[in-house]
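Notes follow once the structure below has been shown.
The values are calculated or read from the model by the stated rules, or taken from the named source; none is laboratory data. Computed from a predicted structure; not experimentally measured. We place every Cβ from the backbone using ideal geometry, glycine too, and count neighbours over all the protein chains shown. The accessibility values were calculated without ligands, DNA or RNA, using every heavy atom of the protein model including side chains. Shrake-Rupley method; radii C 1.70, N 1.55, O 1.52, S 1.80 Å.
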Amino acid sequence: MAYRNYLIISTILLLVAGYWLYDGSMGGINPIGRAKQHIEQGADYFITDALIKEYNVDGVLDYQLVADTISHFSHNDTTLLQQPLLTTFGENGEVTTTRSVHGKLLPGGDDIELWDNVVIIQSRPSAENPEGELVQRVRMDTDFIIVTPDEAYADTDRPVVIANPTGVTRAIGMSTWYQEGKVHLKSAVRGVHEFGQGAD
């Protein structure tokens, strides 16, 4: 009889423990919990065909950002960009365009991460025709870069290819102050250049 009571009590305890474990594990698949998490982590606003313009203290257009879509997420204050195109305007007519497939505006809004087929093109007015069409001076290709538009600065630790009228340079990692024409290549630098072929 004692053995039978022991068996019944053990069975009840196992059922209670099993229910408790089952109920606890349901938290991960609870549809209400998942819906709440989705709402909390979902975009709080979504914009298509977006255009953002930033002016300097003198009221002159400093840079503009165009994107197919912009999605802002309040839980981490980041903004995802699809097909972003960043255009920065220099004081002497230089224009730098930076485009990629994907991008992210980081918290604070100062830095932009760009990845997948990143292309930076620096152009300037022609010496012979200052009022005419801009002439491409240099092109930079990489797969990831962080841009700080207010400082006209970009940085990457990824492989980069730089092409200009005199040749092509490859490196691992780059920092560039593009409106000043300064480029620092970090490592594994190699290139092919044709001397005597001057840039416009």
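By its C-alpha gyration tensor, with a ≥ b ≥ c as the square roots of the eigenvalues, how is region 94-200 shaped: rounded for a/c under 1.5, else prolate for a/b larger than b/c, else oblate? Oblate shape, in that a/c is at least 1.5 and b/c is the bigger or equal ratio.
Other residues whose C-beta falls under 15 angstrom from the C-beta of residue 59 contribute a net charge of -3, scoring Lys and Arg +1 and Asp and Glu -1.
Which of the three applies to region 75-124, rounded, prolate or oblate, going by the alpha-carbon gyration tensor with a ≥ b ≥ c and a/c under 1.5 meaning rounded? Oblate shape, in that a/c is at least 1.5 and b/c is the bigger or equal ratio. Per residue, the solvent-accessible area of region 108-174 (1.4 Å probe, heavy atoms of protein chains only, all protein chains present) comes to 49 Å².
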